[in-house]
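Some notes on the structure that comes next.
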Amino acid sequence: MGSKTETTTRNPRPLSRREFVRILSATAASGGMISAALSGYLLTPSQRAEAAEAILDKIGKLPKRRLGSRMGHMEVSRIVYCQDNNPEMIGPCLAAGMNFIHKASYWPNRDAVPAELKRLPRESYYTDITVDNTSPGHNPDNYDEAYNQVIEQLDRTGFKYFDIFRAHYGWHTLASFNKGKNASYEAFKRLKREGKVRYFGVSQHAGPRENYERYATMIQAQIESGVIDSMQLWISYTSTPDELEAFEKAHKAGIGITAMKTIAQGYGKMRGDAERQAELKAAGMPGRACIRYVLLGLKGSDGKPYVDCCVSSLRNFQQLEENLGAVADRAAALDGLEVTA
Amino acid sequence: MTGNRPRLHWYPAPQDWAGFGLPLAHPDDVCVQTDWTVELALELLHEARRRHHAEFGEVLHWAHMLKALQGEDGLWPECIEGKTCHAVGGARTRTPERLFRTIRELMTTSEFDTVIARSKGEGESYGI
């Protein structure tokens with residue numbers, strides 16, 4: 001290694017240009033994880049940029065898929081960027097083809113919106129705003145809160161519009177959802193007329209379940225209401241059969257389906273299931289296996305996947321490589337997997 | 001548990017519990033200790049910054065669950081029954097505010113602003 005200093009994650013050391021290139025080349029030749037080979041080293045900004053390029057070159061681009069059939073031809077990357085990711089990830093994620101930003105409204109001001117995103121034409125990517133009058137501690141009947149949040153966060157972030165108005169956390173009871181005749185939908189209709197949002201969605205949380213309507217029942221009510229264009233749902237390796245049935249029904253109704261909590265909820269079970277990891281061609285990579293299970297493994301009666309995309313928390317290059325590699329074209333092809341629309 | 005450095009190890013509450021995924025210190029525990037959860041989460045966030053890898057998604061999940069458990073007084077139960085997410089005893093804590101402030105700073109997000117505003121404190125824990 002050229003140095004006898006122990007290199008651990010607790011004691012990172014810098015890499016010379018020569019060592020860096022040697023590690024990159026050796027990893028490329030062996031087919032190993034680039035981020036794992038570089039973990040524990042203190043990289044310079046240019047080395048980090050080069051490592052990100054090498055990772056993307058290895059895993060390839062993210063495929064896109066139409067997000068349901070109720071929102072025109074909105075085609076989104078199958079892994080979605082989340083506003084609270086490590087900001088360092090935005091450049092590589094955009095380069096990998098991500099074009100949908102979840103929780104875009106939560107950047108506190110225009111300076112906080114990443115420069116990489118601001119440089120892009122607004123029409124080249126999609127956003128959602130998570131509207132909080134339905135969040136815990138708020139009043140789901142508060143029309144003004146819903147309306148004003150959108151106005152205020154549009155002004156704060158500088159986005160010209162949000163593609164999806166997403167009721168955050170969703171509704172706890174069927175009564176508060178009221179077959180779609182609720183304050184959130186009324187606020188949405190006005191905002192849509194004003195050109196500030198385009199489609200109506202929900203980020204329906206499942207818990208704490210004691211205080212919530214049964215998950216599958218709430219989803220069924222939302223499908224039947226006919227007002228929901230896009231659902232973001234807790235979909236993971238731990239989802240129950242009745243929940244999976246409800247997700248498929250929603251997709252059949254044309255609703256765009258985004259998975260959330262895929263790794264947070266599924267990681268523990270997947271980590272203990274070496275057989276399923278191997279089946280998903282992701283042995284030793286529970287995060288990649290969790291995403292493959294949801295995006296490729298969950299198939300409807302027509303044999304096609306019913307989850308359109310998945311939100312992934314990305315804190316570092318290892319998660320970037322492991323998670324995006326679940327469906328990115330080169331990584332999937334190397335594992336003999338077909339990622340179809 | 002408060003005051004001890006938490007081990008970076010926990011048992012997620014079972015799938016059929018209301019507090020699904022929240023951390024338990026021991027596999028046979030039935031209660032989620034709020035202060036310990038916060039300390040564990042903060043430690044994981046610290047590790048995430050230092051080591052560039054951690055179970056970050058789980059911390060965000062805990063934050064989302066704790067957001068839902070904030071009372072009208074702006075505080076949280078000190079002890080939560082994992083199966084039901086009901087408070088055990090009357091002790092209340094403001095400790096989760098520290099977690100929400102840390103996440104706000106770390107992720108440059110306004111997602112938890114209202115939770116922090118409702119807790120109106122400095123993050124100390126106390127019994128009632």
### Query
Do you know which of the residues in segment A:30-88 that are within 22 Å of the chain's Cα centre (by Cα) and basic (Lys, Arg) is surrounded by the fewest Cβ atoms within 10 Å (Cβ to Cβ)?
A:Arg66
### Query
Considering only segment B:70-85, how many residues are facing another protein chain (nearest Cβ under 7 Å) and either of a type outside the set (Val, Ile, Thr) or not in a loop (DSSP other than H, G, I, E, B) (or both)?
2
#### Entry: Tally of residues being more than 12 Å from chain B (Cβ to nearest Cβ) and either surrounded by fewer than 24 Cβ atoms within 10 Å (Cβ to Cβ) or farther than 30 Å from A:Gly226 by Cβ (or both) across segment A:258-292
17
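Yes or no, residue by residue, for (1) buried (at least 24 other Cβ atoms within 10 Å of the Cβ); (2) without any contact (Cβ under 8 Å) to a residue 12 or more places away in the chain:
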{"position": "B:His64", "(1), (2)": "no, yes"}
{"position": "B:Gln70", "(1), (2)": "no, no"}
{"position": "B:Glu81", "(1), (2)": "no, no"}
{"position": "B:Ala91", "(1), (2)": "no, no"}
{"position": "B:Pro96", "(1), (2)": "yes, no"}
#### Entry: Residues being more than 9 Å from chain A (Cβ to nearest Cβ), of a type outside the set (Lys, Arg), under 17 Å from B:Leu44 (Cβ atoms) and in contact with a helix residue (DSSP H, G or I) (Cβ under 8 Å, 6 or more places away or on another chain) - total across segment B:86-111
5
### Summary
Residue set A:Ile90, A:Ile55, A:Ile59, A:Ile101; condition under 23 Å from A:Ala250 (Cα atoms), of a type in the set (Val, Ile, Thr) and touching a residue at least 12 places away in the same chain (Cβ under 8 Å); output residue A:Ile101
### Summary
Within segment A:282-319, the count of residues that are under 16 Å from the mean Cα position of the chain (by Cα) and among the charged types (D, E, K, R) comes to 4
### Query
For B:Ala18, all conditions in the list (1) at the interface with chain A (Cβ under 7 Å from one of its Cβ atoms); (2) closer than 29 Å to A:Glu322 by Cβ hold save one; what is the number of the exception?
(2)
### A:Thr173, sole failed condition from (1) without any contact (Cβ under 8 Å) to a residue 60 or more places away in the chain; (2) open to solvent by less than 10 Å² (accessible area, probe 1.4 Å); (3) farther than 24 Å from A:Gly68 by Cα
(2)
### Task
Consider A:Asp141 carefully, then state whether it is crowded, with 22+ Cβ neighbours inside 10 Å and within 22 Å of A:Phe188 (Cβ to Cβ).
no
## Note on the structure
For A:Ile219, the lone unmet condition from (1) in contact with a Lys or Arg (Cβ under 9 Å, 6 or more places away or on another chain); (2) within 14 Å of chain B (Cβ to nearest Cβ) is (2)
### Query
Within segment A:115-132, restricting attention to residues that are without any contact (Cβ under 8 Å) to a residue 60 or more places away in the chain and in contact with a strand residue (DSSP E or B) (Cβ under 8 Å, 6 or more places away or on another chain), which residue is most open to solvent (accessible area, probe 1.4 Å)?
A:Tyr126
### Task
Would you be able to say whether some residue in segment A:146-160 is in contact with a Gly (Cβ under 8 Å, 6 or more places away or on another chain) and among the charged types (D, E, K, R)?
no
### Residue ID - nearest to the other protein chains (Cβ to nearest Cβ), chosen from residues in segment A:293-310 that are crowded, with 24+ Cβ neighbours inside 10 Å and not in a helix (DSSP H, G or I)
A:Cys310
### Task
Check A:Pro63, A:Pro87, A:Pro136 and return the single one that is modelled with pLDDT under 95 and out of contact with any Phe, Trp or Tyr (no Cβ under 7 Å at 6 or more places or on another chain).
A:Pro87
### Query
Considering A:Arg198, A:Arg156, A:Arg190, which residue is under 21 Å from the mean Cα position of the chain (by Cα) and either at pLDDT below 95 or charged (D, E, K, R) (or both)?
A:Arg198
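The values are calculated or read from the model by the stated rules, or taken from the named source; none is laboratory data. A quick note: this is a predicted structure, and the numbers were derived from the prediction, not measured. Cβ: placed from backbone, ideal geometry, glycine included. Neighbour counts: every protein chain shown. For accessibility, only protein heavy atoms count, side chains too; no ligands or nucleic acids. Shrake-Rupley method; radii C 1.70, N 1.55, O 1.52, S 1.80 Å.
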